[in-house]
Structures are given as C-alpha cells and as structure tokens.
1. Quick one: which residue in 49, 63, 91 is touching a helix residue (DSSP H, G or I) at 6+ places or on another chain (Cβ under 6 Å), free of Cβ contacts under 8 Å to residues at least 60 places away in the same chain and under 19 Å from residue 24 (Cα atoms)?
2. Could you count how many residues in the range 26-67 are assigned to a loop (DSSP other than H, G, I, E, B) and in contact with a strand residue (DSSP E or B) (Cβ under 8 Å, 6 or more places away or on another chain)?
3. Within the group 28, 42, 36, 8, which residue is over 17 Å from the mean Cα position of the chain (by Cα) and either closer than 19 Å to residue 91 by Cβ or modelled with pLDDT of 90 or more (or both)?
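The values are calculated or read from the model by the stated rules, or taken from the named source; none is laboratory data. Owing to the predicted nature of the structure, the values given are computational and were not obtained by experimental measurement. A quick note on method: Cβ atoms are made from the backbone with ideal geometry, for glycine too, and the neighbour counts reach across all protein chains shown.
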C-alpha cells in the first residue's frame, strides 16, 4: 500500500489573516452622526448599530430597529435606517443617494 502525498499545509506563521469587516468607527461618533437622522420616537427601539466595512474607508451603516406589537410573542426587527458613508480623518460623510422618482410612473 502506498501513502498519498501529503500536501503542504500552511502554518500559522505564513498565513496572513484577513482584515476584520467590523467597524473601525467608534460607537460614540456613529451615535453623534445619527443624532439628527433617527427620530426621537425610534431611538428607544434601536437594537443594533453596525457599520460594515465595504472597502478602504467606505462603510454601509445599518441601524436595526426592534418593535413589540400587541398579541405578538416576538418583536419585529428590521433595518430601519441605512446609510452609505465615508469615514475619513475622524469625520463621517454621508454619501447616501436619495431615491429619485421616475417621471411617468
């Protein structure tokens, strides 16, 4: 019986870890950016704020909102607000395009 050739398995020393896709933006800066974008009624319902890195300094900022409804056992959770942002030199710049209405429809 012959043994199969073993493949070179990369060791920890020569493997480069992938960069984290989690936010490099401090939560207090995110909350300051959102202070005039989220309604006062929705702030108590905010479940999660996540800025996912897309590339370089560009992020998709999603705000998850949770709402309990009468007669329901579980809350309704959805992305209530979403922004496309650029984080440069400690400044958050909103690059979200507003939806446009098409004429004739």
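1. Values: 63 fails: touching a helix residue (DSSP H, G or I) at 6+ places or on another chain (Cβ under 6 Å); 91 fails: touching a helix residue (DSSP H, G or I) at 6+ places or on another chain (Cβ under 6 Å).
After ruling out the rest, the residue left standing is 49.
2. The initial filter retains those residues of the range 26-67 that are assigned to a loop (DSSP other than H, G, I, E, B), namely 26, 35-42, 56-57.
From what's left, in contact with a strand residue (DSSP E or B) (Cβ under 8 Å, 6 or more places away or on another chain): 37-38, 42, 57.
Final tally of qualifying residues: 4.
3. Numbers: 28 fails: over 17 Å from the mean Cα position of the chain (by Cα); 42 fails: either closer than 19 Å to residue 91 by Cβ or modelled with pLDDT of 90 or more (or both); 8 fails: either closer than 19 Å to residue 91 by Cβ or modelled with pLDDT of 90 or more (or both).
From the options 28, 42, 36, 8, the qualifying one is 36.
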